[in-house]
Amino acid sequence: MKGKHLLSVHDLSQAEVNRIFALAKTLKNKQRQGEEHQLLKGKTLAMIFQKASTRTRVSFEVGMWQLGGKALFLNAGDLQLGRGEPVKDTARVLSRYVDGIMIRTFAHDEVVELARYATVPVINGLTDLYHPCQALTDIFTAWEFKGELQGKKLAYIGDGNNMANALLETCAKVGMHMTVATPPGYEPPAAVLAEAGNDARFTGSRLEIVADPFAAAQDADILYTDVWASMGQEKEQVARRAAFAGYQVNSELLKVAKPDAIVMHCLPAHRGEEITDEVMEGSQSVVFDQAENRLHVQKAILALLLGN
Ligand code: CP
Ligand code: NVA
């Protein structure tokens, strides 16, 4: 996988996803046992942020440090990029200094453009379209808690956003079933469904979009939700609160999932909107395991893309 970009999970083969999971597990164990694992000694990662972040920033930065390398936090507003320097120029300049570029931004096309001109791997740290590092982490976490992934059911309740899109691609890649419950008008884009659908045909994954959250949650192994208004949609907050009113992950909804279902959220969460405090803090919630696993899974991604 050396030299590859990671813009969406669709870009990876099923074997590559498995390699990431296997290495993440190894690195997690090494980290916990205090064993040396400096796979990226002397390597540098540039991290461009156009949007806020807690998990992505800290897990990538700490991850590079633990691997023996260094990460540079670059607030887009402080770069010439923020004053109009073209993405394609930024890509070629940064490629002369660093061994990899992670970017969080709005338009997915910007990341595609960056990858086109960069001569080092580009990693998508969230766009309006996808959040692949989070989705890979989530399915890795599901594997830790549920074992064999093939045929497991993930019910996603809420907005057909970057998280829903990335999870559809990841579930399709590993043979998991996924049902999205979303109000009409908020479905994931048809192009994403088509792309994920191509993989689903090969892996036996079943992908569905429904309007009824209770139908989606029925017999689910995993209940997943995300915010109703993503970064960049602040002005739509009031309208979205009304549109998604019936789409909350709460104890009533949890009752129709499997008794041993786990509850996931990529965080940050808005308690009282897409999830209740009770469920978020309840015994079935694994949200902080997901957050921790960002570190281990991204270290695996970095080692495979930037390492030797
Ligand atoms: N889940 C996630 O990406 O969190 P941050 O926005 O804090 O990076
Ligand atoms: N859908 C959310 C995910 C945050 C990690 C957003 O884009 O803001």
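Residue-wise, which Karplus ³J(HN,Hα) couplings in Hz belong to the range 249-259, taking 6.51 cos²θ - 1.76 cosθ + 1.60, θ = phi - 60°, and x for glycine or proline?
7, 9, 5, 5, 5, 4, 4, 8, 6, 4, x
Relative contact order for the range 130-269: what is it in percent, counting Cα pairs under 8 Å that are at least 6 residues apart?
Answer for the range 130-269 is 27 percent.
Give the lysines reachable from LYS153 as a straight Cα distance under 17 Å; neighbours fewer than 8 places away on the same chain don't count.
By straight Cα distance, LYS153 reaches LYS173, LYS255, LYS258.
Would you kindly state the longest site-free stretch of the chain, with sites defined as GluC sites (Glu not before Pro) in a DSSP loop (not H, G, I, E, B) surrounded by at most 15 other Cβ atoms within 10 Å?
149-280
Please report the spacing between the Cα centers of the range 125-151 and the range 191-235 in Å, no decimals.
Rounded to whole Å, the Cα centres lie 12 Å apart.
Kindly express, to the nearest 10 degrees and within the range 0 to 90, the angle between helix 108-117's C-alpha long axis and the longest C-alpha principal axis of the chain.
Between helix and principal axis, roughly 30 degrees.
When the Debye formula is applied to the Cα atoms of the range 134-288, each taken as the same point scatterer, what base-10 log of I(q)/I(0) results at q = 0.12, 0.14 Å⁻¹?
Cα-only, vacuum Debye calculation for the range 134-288: -0.44, -0.60.
No lab work stands behind these numbers, since they all come straight from the coordinates. Since the model is a prediction, treat every value here as computed from it, not as a measurement. As a convention, Cβ positions derive from the backbone with ideal geometry for all residues, glycine included, and neighbour counts pool all protein chains shown.
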